[in-house]
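Notes for the one structure printed next.
Values quoted throughout were computed directly from the atomic coordinates according to the rules given, and no laboratory measurement underlies them. Because the structure is a prediction, the values reported are computed rather than measured. Using ideal geometry, Cβ is built from the backbone for each residue, glycine included, and neighbour counts are taken over all protein chains shown.
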Amino acid sequence: MSICIPQEVISCSNFIDGEWVRGEAGTIDIRSPYNGKKIGEVSLPSAAQISKAIKAAGSAQVDWAKSPLKERARILFNFRNILMRDLHEISHLKASESGKTFEEGRAGLMKGIEVLEYALSLQNIDVGGKMEVSRGVNCEYRRTPLGVVANITPFNFPAMVPMWTIPIALALGNAYVWKPSEKTPLTSMRIANALKEAGLPSGLLTVLQGSAATVEAIIEAPEVKAVGFVGSTKIAKLVYIKTTGLGKRALCLGGAKNHIVLLPDASPELAGVGISDSFTGCAGQRCMAASVLLAVGDVEKHIERIVARASSLKLGTDMGALITKTQKDFLIEAIGRAEALGAKIILDGRKAKAPQGFEEGNWLGPTIIDHVQAGSEAATVELFGPIISIIHCKDVTHALEIQNTSEYGNACSVFTNSGAMAERVIRESQAGMVGINVGVPVPREPFSFGGIAASKFGSGDITGEHSLNFWSDLKKVTTKWEKQNDSNWMS
């Protein structure tokens, strides 16, 4: 095992106006997916505490908005250096509470730091614009913060997903209210403490623990002007409807059922590694994981490579644990249902051996289900585990028809050596992110992250350039200082 699990129970509370405050609404135990043991206890805030916290955020934001962007960036630069200094410890902690391997925990935090580095660049690239539009008349853009903004983040990326939004929202002059997943709250302590050490003024970052009651209170708080969300489609839609119903802006990312089109001319080695790593990485608990393999024509040698690669992975070292026993039981039952419908289990993760000494963890090995019928549960439902379903297709047209019937639209990839076929998948697939010989087509900054259809509710994307207009407003200024002798309608 390459993960350091806390040996003592960590007490976690709420970060309010620069201080950790114990919640008044009860506690939740945090158990490591690796062994089922209690590693933390988080206290939940009362409605009064939530209201007080958000009011403090609003008060702090007033002065923060007046500070120059370069001054905000200096604090964020300090924040980056502290995260890099503590990278090892934070990666272990977030892995121990989310079930990731250490390397996955580290990679997620590094991706978050990449977004932080993009936020640092805003002082140089997001300069608005100004031009003379007529004689004596100038127009310009000035970017202004919204005020208090909030984000609700999932268990599977306890550092990366909040780091998609914290740096950008703060850099733009907002105060930020964060509701981490109740399953993985411990990482929020390290991130909040790092920002405090970096010099962020009190009140500008608020961490409120809890579940539905906390989310509702945050959305309903009059000070909160915008809400971001990452999680399941069902909850994303509810958050979007509730938030926008109050006249606020919302951007809510939901689930996925990502397809990979595999063509016979693809490199067996590239496909074997890329596809296997896509559905097994993070134990399949990520919205960018491959779920369905659309096998076009004779690709048996490619499938053999995928099976071989996935079979070689060791639980606890190469692949982490599932978040809860409930999720493990659901996946085992889903595999059984697919088998009962006539599918063939060519790699059965139910038989995988748990790491020695961690037998009580939530383990499921890589599972490959062949000859799955389009329209079945295994082909359409986001299972959220290390499972890939193979549907055999007669041609690319057939494969794209299946992909385009999905209610989701997060990601689609194609493995091929044909530029024409790759271009066709790019053009015809209905997905917000497309990969060519890439199993997990997550864009790198400054390119933004975001799907379409039932994978996203709201407009724009949550990272990159296209996130700026969500976390801020553009003020348009028109100036004129003297009367012109030859005037027109513009002057």
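Numbers at a glance
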{"read-out": "Distance from region 92-108 to region 42-59 (C-alpha centre basis), Å", "value": "29 Å"}
{"read-out": "Under Karplus coefficients 6.51, -1.76 and 1.60, residue-wise ³J(HN,Hα) of region 393-403 in Hz, glycine/proline x", "value": "10, 6, 7, 5, 4, 4, 4, 5, 4, 5, 4"}
{"read-out": "Sum of -39500 (n - 2.57) over DSSP H runs of 4+, divided by residues of the chain (222 nm, nearest 500)", "value": "-12000 deg cm²/dmol"}
{"read-out": "Structure-derived semi-axes √(5λ) of the Cα gyration tensor in Å: which label, when the choices are (i) 40, 30, 19; (ii) 46, 25, 21; (iii) 40, 32, 22", "value": "(i)"}
{"read-out": "Point-charge dipole on Cβ atoms (K/R +1, D/E -1) for the chain, about Cα centre, debye to 20", "value": "980 debye"}
{"read-out": "Inter-site label distance for residue 62 and residue 211 at 7 Å from Cα along Cβ, in nm", "value": "3.8 nm"}
{"read-out": "Sequence-distant residues sharing a close amide H with residue 143 (under 5 Å, placed H)", "value": "475"}
{"read-out": "HN-Hα J in Hz across region 158-165 - Karplus 6.51, -1.76, 1.60, θ = phi - 60°, x for Gly and Pro", "value": "x, 10, 4, 5, x, 6, 5, 10"}
{"read-out": "Projected label distance in nm at residue 430 and residue 69, using a 7 Å step from Cα toward the beta-carbon", "value": "3.8 nm"}
{"read-out": "Separation in nanometres of the label points that stand 7 Å from Cα toward Cβ, at residue 7 and residue 22", "value": "2.6 nm"}
{"read-out": "5 angstrom amide H check on residue 410, placed H, neighbours 5+ away", "value": "257, 432, 452"}
{"read-out": "Antiparallel %, DSSP beta bridges [both residues in the chain], to 5", "value": "40 percent"}
{"read-out": "Furthest towards positive pole of dipole, 369, 408, 294, structure part region 258-436, Cβ charges", "value": "369"}
{"read-out": "For residue 18, distant residues with modelled amide H under 5 Å away", "value": "203"}
{"read-out": "Unit charges on C-beta of K, R, D, E only; dipole of region 258-436, Debye", "value": "300 debye"}
{"read-out": "Hypothetical label at residue 350: residues of region 296-337 whose amide nitrogen lies under 18 Å (7 Å Cα-Cβ projection)", "value": "322, 325-337"}
{"read-out": "Under the Karplus curve 6.51 cos²θ - 1.76 cosθ + 1.60, θ = phi - 60°, whole-Hz ³J(HN,Hα) for region 263-269, x wherever Gly or Pro sits", "value": "9, x, 7, 5, 5, x, 5"}
{"read-out": "GluC sites (Glu not before Pro) lying in DSSP loop within region 6-67, provided at most 16 other Cβ fall within 10 Å", "value": "8, 24"}
{"read-out": "Rounded to 10°, Cα long-axis angle of helix 102-125 versus longest principal axis of the chain", "value": "30 degrees"}
{"read-out": "Nearest 10 degrees, 0 to 90: helix 186-198 Cα axis against the chain principal axis", "value": "30 degrees"}
{"read-out": "Within the chain, longest stretch free of exposed chymotrypsin sites (Phe, Trp or Tyr not before Pro) [DSSP loop, at most 11 other beta carbons within 10 Å]", "value": "1-480"}
{"read-out": "Between helix 233-245 and the chain: long-axis angle, C-alpha atoms, 0 to 90°, nearest 10", "value": "20 degrees"}
{"read-out": "FRET efficiency estimate (nearest 0.05) - Cβ-Cβ, residue 107 to residue 371, R0 35 angstrom", "value": "0.55"}
{"read-out": "Fewest-first sequence of 440, 207 by Cβ atoms within 10 Å of each Cβ", "value": "440, 207"}
{"read-out": "Per-pair calculated FRET efficiency, R0 = 25 Å: residue 234 and residue 333 via Cβ, rounded to 0.05", "value": "0.85"}
